[in-house]
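Chemist: What follows is a single structure, and I will ask about it in a moment.
Read the figures in this text as sums done on the coordinates, not as results from a lab. Everything numeric here is computed off the predicted structure, so don't read it as measured data. So basically every Cβ, Gly included, is an ideal-geometry build from the backbone, and we count neighbours across all protein chains shown.
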Amino acid sequence: MKTVALLFFAFVLVYTAPTQNDEYHILRNIINNVSKLLEDPEKLSGIMVPSGFDKSRCISTRPEDFCLAEEILFKINSTKYVIPENILNIGRLLIQYNQFHQTNCTVTLNKDEEQLRDLLKDLGCCAQFKYSRLNHKRMRNS
Ligand SMILES: *[C@@H]1O[C@H](CO)[C@@H](O)[C@H](O)[C@H]1NC(C)=O
Ligand SMILES: *[C@@H]1O[C@H](CO)[C@@H](O)[C@H](O)[C@H]1NC(C)=O
Ligand SMILES: *[C@@H]1O[C@H](CO)[C@@H](O)[C@H](O)[C@H]1NC(C)=O
């Protein structure tokens, strides 16, 4: 009896753990956290980040733009700007997501810059696109 209970417990662990951290949930958390930040434009105003994130390339199936976004968010100059708390959380979510799509990317500092707000809009839009695509796949498979 004990063994059965233990087995059941192990089964539940294996089957619940991935669902909270899978691509789908990570993307949804990215989308929600990004929209939440964008609702508060004052916190973002004037923060500049290296450009390089390309929305249309991101929407294609290639993974390097999420890698770029991760690098860019962690490289915001914290001497110069007050970094909104949620940015670090989005950065951590990107790290989790990128573990599913490993790639290398390089951000060039001190080149062109863009507003953090614009980067977040593009990131949110791309995450939404990837989320919908994943959602279609899930619907087809179930
Ligand atoms: C932001 O992401 C976290 C996970 O890191 C999640 O728990 C939280 O619900 C998200 N925030 C919003 C506003 O959805
Ligand atoms: C961060 O900003 C400070 C103040 O503007 C500047 O002196 C410093 O060089 C910047 N650091 C980087 C890595 O760009
Ligand atoms: C990324 O670069 C490192 C070091 O050059 C290499 O070992 C690794 O295989 C690369 N990863 C991918 C996914 O290309």
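Chemist: How big is the Kirkwood radius of the range 26-76, worked out from every pair of different alpha carbons and given in Å to one decimal?
Modeler: One decimal place: 12.3 Å for the Kirkwood radius.
Chemist: In debye to the nearest 20, how big a dipole does the chain give about its Cα centre with +1 on each Lys and Arg Cβ and -1 on each Asp and Glu Cβ?
Modeler: 600
Chemist: May I ask you to compute the full-extension gain from Phe74 to Gln115, defined as 0.36 nm times their residue separation minus their alpha-carbon distance, rounded to one decimal in nm?
Modeler: 13.3 nm
Chemist: Along Cα→Cβ, 7 Å out, is where each label goes; now give me the distance between the ones at Lys55 and His136 in nm to one decimal.
Modeler: 1.9
Chemist: Same structure again: Label points 7 Å out from Cα along the Cβ direction at Ile95 and Leu38: separation in nm?
Modeler: Label at Ile95, label at Leu38, 2.5 nm between them.
Chemist: Write out the cysteines belonging to the chain for which the nearest other cysteine Cβ is not under 4.7 Å, or none if no such cysteine exists.
Modeler: Cysteines lacking a close Cβ partner in the chain: Cys125.
Chemist: Taking the 0 to 90 degree range and rounding to the nearest ten, how far is the long axis of helix 64-74 tilted relative to the main principal axis of the chain, both from C-alpha atoms?
Modeler: For helix 64-74, the angle is close to 70 degrees.
Chemist: Okay, next question. With Rg and the Kirkwood Rh both taken from Cα atoms, where does Rg over Rh land for the chain?
Modeler: Rg divided by Rh gives 1.08.
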